[in-house]
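Chemist: What follows is a structure written as structure tokens; I'll ask about it next.
The values are calculated or read from the model by the stated rules, or taken from the named source; none is laboratory data. What you are looking at is a predicted structure, and each value in this text was computed from that prediction instead of being measured. All Cβ positions, glycine included, derive from the backbone under ideal geometry; neighbour counts span all protein chains shown.
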Amino acid sequence: MIKNRHLIDPMDFSTEEIDKLLSLSEQISKNPENHSKKCSGKILGSLFYEPSTRTRLSFESAMMRLGGQVIGFSEANSSSVSKGESIADTIRTVACYADIVVMRHPKEGAPKVASMYSDVPVINAGDGGHQHPTQTLTDLLTIRTVKGSLNNLKIGYCGDLKFGRTVHSLIKALSRYPDNEMHLISPKELKIPDYIKEEILDKQSINYFEHEKIEECINDLDILYMTRVQKERFFNEEDYIRLKDTYILDNEKMKKGSDQMIVLHPLPRVNEIAYEIDNDPRAYYFKQAKMGMYVRMGLISMLLGVC
Ligand code: CP
């Protein structure tokens, strides 16, 4: 039962629970109007201490499409956080006003702390370079819808694998499904953290390969998951400028990918996918963004026990 639980880490739900949530979200995506009153009288608290377009607006849209309402802030300075209020006190207060809370925070672990003080479910909407579990649910729903399964896939993750929390979360999630092969494509400076290799890939005996060039594996992939270089996590601007355009996916590179390969990106993109790719039938990143709204409708419904 997912009802009344928190979602802080993609592993908080079992694969059975995730499969159930994805099935509900798929159902909602086909007939959203059947769910338009499910959250009537319920309120979502939307606490964003860091910028967001997709996560914040898809959560807010999800709650409104379920018939609920939304309160919150989209920058910390417009709340009493600017006066020095702690996360514990903020969440204890917001939990008096809202039935469920979604939080994005630049500090790793902040939503976890919030969940320890909250009487209502807390959803992590991204904490620093750590985890982004609802982006993972979005990615899983998109992959399952397009590929029909979450097993036996060859997935290439490309870009900033060091700071990219969406990649960390998706690797964790897909490692639980059988026979997936992972290709990690990054410059040396932005390689996947050792803890992901040791605690997830090695522990789960995942077949994985590291590359510095997309061309080394693109012909073999079912999914190419592009990511931007995370400017906001760099300490040194020179390093960011040197690395930001390491990978630019263009028509030339796409010619080497199979017709069945799909391109995903959590967005926002900067330069890593050329605009010329947007009309390629294998480009799924805007459809993926829409899936994000349906999976958040499913998630809110299950956490509130209204499905
Ligand atoms: N994918 C994602 O998290 O986008 P936002 O930063 O716009 O929410």
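Chemist: Condition (residue is of a type outside the set (S, T, N, Q) and either part of a helix (DSSP H, G or I) or outside the structural domain of Ser86 (by TED's automatic domain parsing) (or both)) applied to region 33-49: is it met by at least one residue? Working first, answer last.
Modeler: In the first step, residues of region 33-49 are kept if they are of a type outside the set (S, T, N, Q); the result is 33, 35, 37-39, 41-45, 47-49.
Subset that is either part of a helix (DSSP H, G or I) or outside the structural domain of Ser86 (by TED's automatic domain parsing) (or both): 33, 35.
Yes.
Chemist: Further question: Filtering region 143-164 down to residues that are buried (at least 24 other Cβ atoms within 10 Å of the Cβ) and within 16 Å of the ligand (Cβ to nearest atom), which residue is nearest to the chain's Cα centre (by Cα)?
Modeler: So the first thing to find is which residues in region 143-164 are buried (at least 24 other Cβ atoms within 10 Å of the Cβ), and the list is 143, 156-160, 164.
Imposing the further condition that a residue be within 16 Å of the ligand (Cβ to nearest atom) reduces the set to 143, 157-160, 164.
Details: Ile143: 13, Tyr157: 14, Cys158: 15, Gly159: 16, Asp160: 15, Gly164: 10 Å.
Taking the candidates together, the pick is Gly164.
Chemist: If you take the residues in region 120-149 that are closer than 18 Å to Asp9 by Cβ and part of a loop (DSSP other than H, G, I, E, B), which one is modelled with the highest pLDDT?
Modeler: My answer is Pro121.
Chemist: So, one more: For region 274-307, which positions are modelled with pLDDT of 95 or more and more than 17 Å from Thr138 (Cβ to Cβ)?
Modeler: Let us first name the residues in region 274-307 that are modelled with pLDDT of 95 or more, namely 274-306.
Result: Ala274, Tyr275, Glu276, Ile277, Asp278, Asn279, Asp280, Pro281, Arg282, Leu304, Gly305, Val306.
Chemist: Here's a follow-up. Could you tell me which numbered condition Met64 fails, if it satisfies all but one of (1) within 16 Å of the ligand (Cβ to nearest atom); (2) part of a helix (DSSP H, G or I)?
Modeler: If we test Met64 against (1) within 16 Å of the ligand (Cβ to nearest atom); (2) part of a helix (DSSP H, G or I), just (1) comes out false.
Chemist: Within region 5-15, does at least one residue satisfy the condition of being in contact with a Lys or Arg (Cβ under 6 Å, 6 or more places away or on another chain), more than 18 Å from Val146 (Cα to Cα) and among the hydroxyl-bearing types (Ser, Thr, Tyr)?
Modeler: Scanning region 5-15 turns up at least one residue that is in contact with a Lys or Arg (Cβ under 6 Å, 6 or more places away or on another chain), more than 18 Å from Val146 (Cα to Cα) and among the hydroxyl-bearing types (Ser, Thr, Tyr).
Chemist: Shifting gears a bit: All but one of (1) within 16 Å of the ligand (Cβ to nearest atom); (2) buried (at least 23 other Cβ atoms within 10 Å of the Cβ) hold for Leu57; state the number of the condition that does not hold.
Modeler: Looking at each condition in turn, Leu57 falls short on (2).
Chemist: What are the pairs, 6+ residues apart or on separate chains, where a residue within region 30-56 that is more than 15 Å from Gly67 (Cα to Cα) has its Cβ under 9 Å from a residue that is among the polar types (S, T, N, Q) and part of a strand (DSSP E or B)?
Modeler: Final answer for the pair search is Arg56/Ser46.
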